[in-house]
Every structure is written in C-alpha cells, then in structure tokens.
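Here the structure comes first, spelled out in structure tokens, and everything after it is commentary.
The values are calculated or read from the model by the stated rules, or taken from the named source; none is laboratory data. Remember, predicted model here, so these are calculated numbers, not experimental data. Ideal geometry is used to build each Cβ from the backbone, glycine not excepted, and the neighbour counts take in all protein chains shown. Quick note on the areas: whole protein, heavy atoms, side chains included, nothing else; ligands and nucleic acids left out. Shrake-Rupley method; radii C 1.70, N 1.55, O 1.52, S 1.80 Å.
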There are 2 protein chains.
Amino acid sequence: MSTPRTLKPGDTIGILGGGQLARMIALAAAPLGLKAHIYAPEEGSPAFQVADAVTRAAYDDLGALERFAKSVDVVTYEFENVPVYTAEFLAGHVPVHPGAKALGITQDRLEEKNFVSRLGIETAPFAPVNSVEELEEALAAIGRPAVLKTRRFGYDGKGQTIIREGDDPAAAFAAIGHHPAILEGFVPFEREVSVVAARTEDGRFNAYEVTENEHRHHILFRSTVPADVSPAVEAVSREIARRLGEALGYVGVFAVELFLVVVDGAQGVIVNEIAPRVHNSGHWTLDGAVTSQFEQHVRAIAGWPLGAVERLGRVEMTNLIGDEADDWLAVLEEPGAHLHLYGKAEARPGRKMGHVTRIFEE
Amino acid sequence: MSTPRTLKPGDTIGILGGGQLARMIALAAAPLGLKAHIYAPEEGSPAFQVADAVTRAAYDDLGALERFAKSVDVVTYEFENVPVYTAEFLAGHVPVHPGAKALGITQDRLEEKNFVSRLGIETAPFAPVNSVEELEEALAAIGRPAVLKTRRFGYDGKGQTIIREGDDPAAAFAAIGHHPAILEGFVPFEREVSVVAARTEDGRFNAYEVTENEHRHHILFRSTVPADVSPAVEAVSREIARRLGEALGYVGVFAVELFLVVVDGAQGVIVNEIAPRVHNSGHWTLDGAVTSQFEQHVRAIAGWPLGAVERLGRVEMTNLIGDEADDWLAVLEEPGAHLHLYGKAEARPGRKMGHVTRIFEE
C-alpha cells in the first residue's frame, strides 16, 4: 500500500449526501469489500436503502459531523455544494476526497472561470458582476446575447438568465436576486460534450472517452459514447481534464463539461464547468465500461489502483425524468436494456428518477 | 402486469439468510428500485451492510417471522436449508419464491434423486440406507466405490463418506452419524458442469450457457464459460433444467449440477444435484452476462420479464477462499479483473471470502 491513508477491505466510506450519486457510490463500494455510511439531512434519502450506516443530520451539525468523521475511514460527497467549512471540519479528523480546494473553486463560477483561464484553457468570455453598473460594463465588453449567472449554488439551470438585445440589465440583475454574479458570453456551440476522469492522490490519472450530451429543459436527457468528435478533440479534452485535475490536486472522479465549437471548419472545445464528483454524463459507464465511474471514484479515494476505462460497445444512456420512470416495465422487457432506478418515492416533474443504459455492438 | 402478485418499484424483497448470496441479491435489487430486508440470525451478516432493513432472529421465531412477512412484498432465500415449516409459515402471509415444494425436495437427497429419476432424467445409481443391513444390500446392488451421504443438510462435502473395496459398512454408517442416508454409485465423470436457469410463475424460462466447474477440497475453485461440451450436451443440459423447473413449479433462479460422462465416445450428462437458489457457479454472470443471475432471480420472483442471458465474452470466475482474499490488491491492479468481496470480517480456512471474474474476447 502506497500511503498510510490507503483503505483496506472492511473499511468504511463516509458519503455526504443521500441522493442517487451517493447510492450508486455505495453500491459500487460493496463488491470492493467497503462499507458505506451516508450522511444526509433528508428523511428517506435514496442512499439510506443500501448503506451500512446512516446519519440523518444537518451539514452544519458539528457534533454529528464529528461522530460521523470518527466512524469512517475516508469522506467523500455527491454534490458540489457541501459547505467548505464542513469539508474542512471533517478534514481535521479524516481524509476528505476531493479536498476543500476543488470544492471551493467549483462552488464559485467566477473563481472556477478564473482558475481555468489562468491555466490557459479556453472558457466563454466572462466578467464579474456585483452591480447593475458592472453588468452594463460587462455587456459592453462581451456583447449580447450573454448569460448572467449567480456565482454560487447554480444547479440544473436555476439562478441564471439570458440577456438578449433590448433586455434591461437592471431587470436581469433583479431576476437573479442581486447576488454576486458572473456574465458569460454566449458560446455558439455545436454540441455539448464531457470528459469524466479520475485522479489519485499520488497523481495517477485516467479518463473515459468523450461523451456527447443532449439536454432538454436544462436537464441531461441523453448521453452517447463515442461522441462524434475528431481525434484531436478527443485528445485535447482528456488533456484538459488531466491538467485541471493536476492543478486542483484532485482525488476522485470528476467531470469537465465542454462546449464543442467549430472554428474555420475545425472542431475545438471550450470549458463550461467542472463538477467535482461522479457525474450524470458518466452513468453510461455502469454497464458500458469495464470499470464504472462509481467504482473508479471508490478506487481513487481509497488510494487504490484505477480500473480500466475501456468501453464495451457503443453506449447510450437516457435519463428517466419525473413520470418517465413509470415506463420501467417497458425497459425491463427490452432485451439488453439496463434499468437503474434511484429508489425515490415521489416522481416530481423534472426530478431524476432513474436512467437506462443500452449497449450496442459496434 | 400479469398477476396480482407482481412487484413494483419501491416494494421490498425479504431474504432469508445474510451471506454473500443474499448480499448480491440485495445489490441487484437496488438498481431495479426494490428494497431488501434481510432476515438472519448471525450478528454481522454480510448482507446487513447493503440492506434497507434487517431482522436478526432465529428461523423458528414465529413472532419475528410474522413481523418480517408483513413488512415485505415477497420472500426468497439464499440457502436450501431453510426449514420447510418456516417457508410455509411465511407463505401464509406473503408469496415465497421458490416455494415449499422445491425446498422440500432439494433438502432431501433421496427425495431429490427419486424426483429426478421419475422424470426419466439420469442420475447416479442410488438406494436408501436406514441401517447397516440396508447399506450392505445397497452396496451389493450398486457396487464399490460408492458414496454414502446423509439425506439432509449436506453442504460442501460434509456429511458424506466414500466406501471403497475393503471398507467396513458399519464404520461408514457410523461416520455419517447413523442418519437416514442414501448410497450413490460412483460416477466416473470427466468433468463437472452446471446450468443456471430461471423460471417465472407463469412458466417463462431461460438458462445461461453451460458452465464448467473445477472443485478443490469439495469447494468450487473455478468456473469457466463456455464449457468444453458438445452442442448436444449444451442443449440437453438446458432441457433438463427446463423440465426440472417445470416439474417443481419453480419460481426464481436455480442451478442444476451435472456430471459430464463419456460413453462410447459421446458426451452425456447425469444430474448430480439441484440447488434451489442463485449459485456459486453462476457468479460469472455478474460481469460476464447481459443480466446477472442475481438480477434474474429478482426479476423472476418479482413476476417481471426475464433478462437476456447472453455472454459478454469468454468468462472465468475464481473463488477467493480463506486468505486468498488477501490478494485483493493484486486483483485491483489487473486490468479487466472484477473484484467481488463479501464483506466478511474473518477469513477462516475454507470460507468463501469473495470471487474474481475475468472476461476475455473470443
């Protein structure tokens, strides 16, 4: 074992958050001989159903956090909005992967954009916005249409508004609640793609193939692999992930969301966002790759060897949103379709209830 | 949905037994949206780690059994030695799959052999033994060497003894504790193979390809698929499974252990044993088939469509017995090897601690 922090079978992974990502991490940990302890405030969290231990408490309950930290061998999380002070408090007792740096940077769209562009990696043009005056200046520099986003806690399309010709900047700033914000230039992208990658504490890295993602109503609808991208884009995208992971000192699985653009007839990519966690666009790896992103995340945070990332065919992953999950029987009837339901009791509109993977011979 | 007993996502599967088979059934149930409630008497049962609910009680605790039955939507089990009266008691409250008939027959080697041979399916020659006199008569009819086995509760080579030329029948009968027994003729088999199959309440059936099994010290050491058998044996073996399942009115996954014999240059099979449960020789399906035997079992007992049984390559499954599980890191380092540990705290000699699957391109 390479470091004193390496886990061994029988150890316990602590996971902050009790949704489907935590659930699938726990399900991947079990065959590796690891137990999962889920920490989440919500009653009936889906991950509770498959965990060895459960703590139901708030993310600022220091007593509960301390007991949790002392009962596990490593802590990870399923969502990027874990308070940084929570991660830092836990890190005083037990390794937390990914660390507070990745969390801090990716929680703030402005910090994230600054971080990426300082590495010389292209992003959409952007500018900070703290007032209507700054917004007007930013619009003059970046042009319209542009997207005004709150710096923090944006998720699946909430907390942002598009500013088109004729729109009133003051109304736009009001629409996002006058929060500290970032204005991003509108990127005329062809398609959205992503790279899901893993990195270990001692710098080992690998990445799955670039995934092509189709969104509907700001929610991921379908991912397909391989993406229809040039070999150059495939290589550049993975290299971007490698460099970002390195610069963040990242440990675990993360996703880089990219815009595919075409300039002078050649494909290129622009970084949209970094997600410091397993990612919906990596769900295809559950049945479609040698090692799933969930097992890969467990291996990475355990300090273990990373698994092989080869694809097992042409793969398609479709989310089941809201009452689409009512079609579960049709999925079970379809030869070769793999059903993944998340154990959520209530199918609210827009809620991710499950997904289906389909693997085709190439 | 075909019958009123069909499960729906959100329902709970009750599992008697808390070992690795129950654990892997529970892990397969979760992505289908089902919860698992484990009922087992042993503290620290491996399946407890991944279950939504746990009852730790004896199999004859009628109060605990009743509460368990009322909290689940179907009951299944991971081992064939569940007391029949326990299964029948539970069946008074909730569907139990497989049913008491399969349990009763497979718990008794003599009843099982009678059942199989009455269907015209070949077994080793056999005779009941209740006394030294009957044993001597049986030996005269069947010849030596022969195997004397207790009728009930034999498992992994316990409760049986070989009688060779010159061995004293009285000593042999004493060696198995004078229990009601069966004498089985020694079959000069070439190899051991098995069929893992699934059947639903309304008679749908499918079977995985014949698996070749290598035992060491009476414990399964390695399974490989495809087995080196003739197309005729492949077809006959599946047909045997289909007929046995039909005659048992079986619901769920079961395994038929077969001896591969060669008579006049042609391969044939003889039924050795029926296991009314998911089976170690089907563990290769976890990474090596479109649908794992565990998911298939869940689909069958839920009354759902059976999944596709196609193989994903040439597959090898190796058990990790006792301290072999200490090699987990080497397995993790091997590209494409899949580690499955069972979450057992103590690695006793002969104890199944985990297994490894390897899938090769054909």
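For residues that are within 19 Å of the chain's Cα centre (by Cα) and away from chain B (no Cβ under 11 Å), scanning just segment A:317-362, find the one that is farthest from A:HIS218 (Cα to Cα).
A:MET317
When you go through B:GLY99, B:GLY92, B:GLY120 one by one, which is the residue that is among the small types (Gly, Ala, Ser) and surrounded by 19 or more Cβ atoms within 10 Å (Cβ to Cβ)? Quick ask: steps written out before the conclusion?
Values: B:GLY92 fails: surrounded by 19 or more Cβ atoms within 10 Å (Cβ to Cβ); B:GLY120 fails: surrounded by 19 or more Cβ atoms within 10 Å (Cβ to Cβ).
Answer to the check: B:GLY99.
Among the numbered conditions (1) surrounded by fewer than 21 Cβ atoms within 10 Å (Cβ to Cβ); (2) closer than 24 Å to A:GLY343 by Cα; (3) more than 14 Å from chain B (Cβ to nearest Cβ); (4) modelled with pLDDT of 95 or more, tell me where A:PHE79 comes up short.
It is condition (4) that A:PHE79 fails.
Take the residues in segment B:180-193 that are part of a loop (DSSP other than H, G, I, E, B) and touching a helix residue (DSSP H, G or I) at 6+ places or on another chain (Cβ under 9 Å); name whichever of them is nearest to B:SER237 (Cα to Cα). Full working, then the answer.
Initially, segment B:180-193 is screened for residues part of a loop (DSSP other than H, G, I, E, B), giving B:180, B:186-190.
With the extra rule that they be touching a helix residue (DSSP H, G or I) at 6+ places or on another chain (Cβ under 9 Å), the set shrinks to B:180, B:186.
Numbers: B:PRO180: 30, B:PHE186: 20 Å.
Going through the qualifying residues, I end up with B:PHE186.
Quick one: count up the residues across segment A:238-276 that are open to solvent by less than 20 Å² (accessible area, probe 1.4 Å) and within 9 Å of the chain's Cα centre (by Cα).
Number of matching residues: 7.
Can you say whether B:HIS279 is touching a strand residue (DSSP E or B) at 6+ places or on another chain (Cβ under 9 Å), more than 14 Å from chain A (Cβ to nearest Cβ) and under 30 Å from A:ALA330 (Cα atoms), as far as the supplied structure shows? Let's see the steps before the verdict.
On the way: touching a strand residue (DSSP E or B) at 6+ places or on another chain (Cβ under 9 Å): yes; more than 14 Å from chain A (Cβ to nearest Cβ): yes; under 30 Å from A:ALA330 (Cα atoms): yes.
In short, yes.
Do you know which of the residues in segment B:7-17 that are more than 23 Å from the chain's Cα centre (by Cα) and buried (at least 16 other Cβ atoms within 10 Å of the Cβ) is nearest to the other protein chains (Cβ to nearest Cβ)?
Within segment B:7-17, the subset more than 23 Å from the chain's Cα centre (by Cα) is B:7-11.
If we keep only those that are buried (at least 16 other Cβ atoms within 10 Å of the Cβ) as well, we get B:7, B:9, B:11.
On the way: B:LEU7: 11, B:PRO9: 5, B:ASP11: 11 Å.
Within segment B:7-17, the match that is nearest to the other protein chains (Cβ to nearest Cβ) is B:PRO9.
Restricting the search to segment B:302-316, which residues are more than 11 Å from every other protein chain (Cβ to nearest Cβ) and touching a Pro at 6+ places or on another chain (Cβ under 8 Å)? Let's see the steps before the verdict.
First, pick out the residues of segment B:302-316 that are more than 11 Å from every other protein chain (Cβ to nearest Cβ): B:311, B:314-316.
Correct list: B:ARG311, B:ARG314.
For segment B:162-180, does any single residue satisfy the condition of being in contact with a Lys or Arg (Cβ under 8 Å, 6 or more places away or on another chain) and open to solvent by less than 20 Å² (accessible area, probe 1.4 Å)?
yes
Need pairs with beta-carbon distance below 6 Å; first residue facing chain A (nearest Cβ under 8 Å) and under 10 Å from A:LEU341 (Cβ atoms) and within segment B:18-37, second assigned to a helix (DSSP H, G or I) and of a type in the set (D, E, K, R); sequence gap 6+ or separate chains.
If the second residue must be assigned to a helix (DSSP H, G or I) and of a type in the set (D, E, K, R), no pairs are left.
Can you pull out the residues in segment A:181-205 that are open to solvent by 20 Å² or more (accessible area, probe 1.4 Å) and among the acidic types (Asp, Glu)?
A:GLU190, A:GLU192, A:GLU201, A:ASP202
What number goes with the only condition from (1) in a strand (DSSP E or B); (2) open to solvent by less than 40 Å² (accessible area, probe 1.4 Å); (3) of a type in the set (Asp, Glu) that A:GLU214 does not pass?
A:GLU214 satisfies every listed condition except (2).
Take segment A:37-66 and flag every residue that is open to solvent by less than 30 Å² (accessible area, probe 1.4 Å), small (Gly, Ala, Ser) and in contact with a helix residue (DSSP H, G or I) (Cβ under 9 Å, 6 or more places away or on another chain).
A:ALA40, A:SER45, A:ALA47, A:ALA51, A:ALA57 - these are the residues of segment A:37-66 that are open to solvent by less than 30 Å² (accessible area, probe 1.4 Å), small (Gly, Ala, Ser) and in contact with a helix residue (DSSP H, G or I) (Cβ under 9 Å, 6 or more places away or on another chain).
Can you find a residue that is touching a residue at least 60 places away in the same chain (Cβ under 8 Å), of a type outside the set (Asp, Glu) and in a helix (DSSP H, G or I) anywhere in segment A:142-159?
No, segment A:142-159 has no match at all.
For segment A:67-76, enumerate the residues that are open to solvent by less than 40 Å² (accessible area, probe 1.4 Å) and within 23 Å of A:ALA198 (Cα to Cα).
In the first step, residues of segment A:67-76 are kept if they are open to solvent by less than 40 Å² (accessible area, probe 1.4 Å); the result is A:68-69, A:72, A:74-76.
Those that are open to solvent by less than 40 Å² (accessible area, probe 1.4 Å) and within 23 Å of A:ALA198 (Cα to Cα): A:VAL72, A:VAL74, A:VAL75, A:THR76.
Mind telling me which of the residues B:ALA57, B:ALA51 ends up being at negative phi, touching a Gly at 6+ places or on another chain (Cβ under 9 Å) and either touching a residue at least 40 places away in the same chain (Cβ under 8 Å) or within 14 Å of chain A (Cβ to nearest Cβ) (or both)? Please lay out each step first, then the result.
On the way: B:ALA57 fails: either touching a residue at least 40 places away in the same chain (Cβ under 8 Å) or within 14 Å of chain A (Cβ to nearest Cβ) (or both).
Criteria check complete, one pass: B:ALA51.
Between a residue in segment B:71-86 that is on the phi < 0 side of the Ramachandran plot and any residue that is open to solvent by 40 Å² or more (accessible area, probe 1.4 Å) and of a type in the set (D, E, K, R), which pairs come within a Cβ distance under 6 Å, given they are 6 or more apart or on different chains?
Pairs found: none.
Given the structure, is A:VAL290 within 22 Å of the chain's Cα centre (by Cα), open to solvent by less than 10 Å² (accessible area, probe 1.4 Å) and either of a type in the set (A, V, I, L, M) or farther than 30 Å from A:VAL116 by Cα (or both)? Show your work before the answer.
Details: within 22 Å of the chain's Cα centre (by Cα): yes; open to solvent by less than 10 Å² (accessible area, probe 1.4 Å): no; either of a type in the set (A, V, I, L, M) or farther than 30 Å from A:VAL116 by Cα (or both): yes.
Here the answer is no, as A:VAL290 does not meet what is asked.
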